[in-house]
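Below: one structure, written as structure tokens.
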Amino acid sequence: MANNEVLKKAFDLLSRRAHSTQELRNKLYKREFSKSDIDTVIAECERLGLLNDKLFANDYAAELSGQGKGRFKIKMKLRSKGLSEEHTEKALEKLGDCEQENAENALNRKLRSLMHEDDINKRRQKAYRFLAYRGFSSDIITKLMDNTEELQYTR
């Protein structure tokens, strides 16, 4: 009987959006279902193909990359969803090497507001912080800033 209630709640949660196994487990646990019922329902959801950490990791990483997030931010978010290191790394590999392009796109969108800053040092600092917060590596940020006319020092 209890399994039906847990299964119904799991289906309800999964119908709203995809979840990682750990996310679903945590949400069901917060609703005070027993560990054995949760384990049974998780196994059933996996058997039915409703729960797949590998696919979830790939889809979520692609979504975050499309939002202009860098590898560090994507990795952090995947790990926060309870995904294994293996699934996280494979999802990052699948993204390929689009980080430079994502950083350029993010900076180009931000440049309009940065141009209100007259002090070039402050403008560069704000650009750096913006890109670092989005999870881009310092190498990519530095290279991008050095190649962006609006962020270069005048001589």
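Descriptive notes on the structure:
- Angle between the chain longest axis and helix 99-114 axis [Cα atoms, degrees, rounded to 10]: 60
- For segment 24-155, the share of accessible area belonging to carbon and sulfur comes to 46 percent (1.4 Å probe, ligands and nucleic acids excluded).
- Taking θ as phi - 60° and the Karplus parameters 6.51, -1.76 and 1.60, the scalar couplings of segment 17-31 work out to 6, 5, 10, 7, 4, 5, 4, 5, 4, 5, 5, 5, 4, 4, 8 Hz in sequence order, x denoting glycine and proline.
- Think of each Lys and Arg Cβ as +1 and each Asp and Glu Cβ as -1; about the Cα centre, that makes the dipole of segment 1-91 roughly 460 debye.
- Computing Rg and the Kirkwood Rh from the Cα coordinates of the chain gives a ratio, Rg/Rh, of 1.17.
- Distance between the 7 Å Cα→Cβ label points at residue 40 and residue 55: 2.5 nm.
- Cβ-based charge dipole, segment 1-152, positive-most Cα from 61, 22, 91: 22
- Heavy-atom accessible area order for 115, 145, largest first, 1.4 Å probe: 115, 145
- Long-range HN-HN contacts of residue 70 with modeled amide H, under 5 Å: 135, 136
- Dipole magnitude of segment 1-45 about its Cα centre (Cβ charges: Lys, Arg +1; Asp, Glu -1), debye to nearest 20: 220
- Projecting the Cα atoms of 13, 113, 52 onto the dipole axis of the chain, where Lys and Arg carry +1 and Asp and Glu carry -1 at the beta carbon, places 113 farthest toward the positive end.
- Simple label model, 7 Å out from Cα along Cβ direction - residue 5 to residue 125, nm: 5.7
- Shown is the FRET efficiency for residue 137 and residue 26, computed with R0 = 22 Å from the Cβ-Cβ distance and rounded to the nearest 0.05: 0.10.
- Entries of 27/69; 35/94; 8/73 with Cα pairs more than 31 Å apart: 35/94; 8/73
- Length-normalised contact order for the chain - Cα pairs under 8 Å, 6+ apart - percent: 21
- Applying both filters, DSSP loop and at most 10 other Cβ atoms within 10 Å, to the chymotrypsin sites (Phe, Trp or Tyr not before Pro) of segment 99-155 gives 153.
The values are calculated or read from the model by the stated rules, or taken from the named source; none is laboratory data. Owing to the predicted nature of the structure, the values given are computational and were not obtained by experimental measurement. Neighbour counts run over all protein chains shown; Cβ positions are idealised from the backbone, glycine included. Side chains are part of the model used for accessible areas, which takes the heavy atoms of the whole protein and leaves out ligands, DNA and RNA. Shrake-Rupley method; radii C 1.70, N 1.55, O 1.52, S 1.80 Å.
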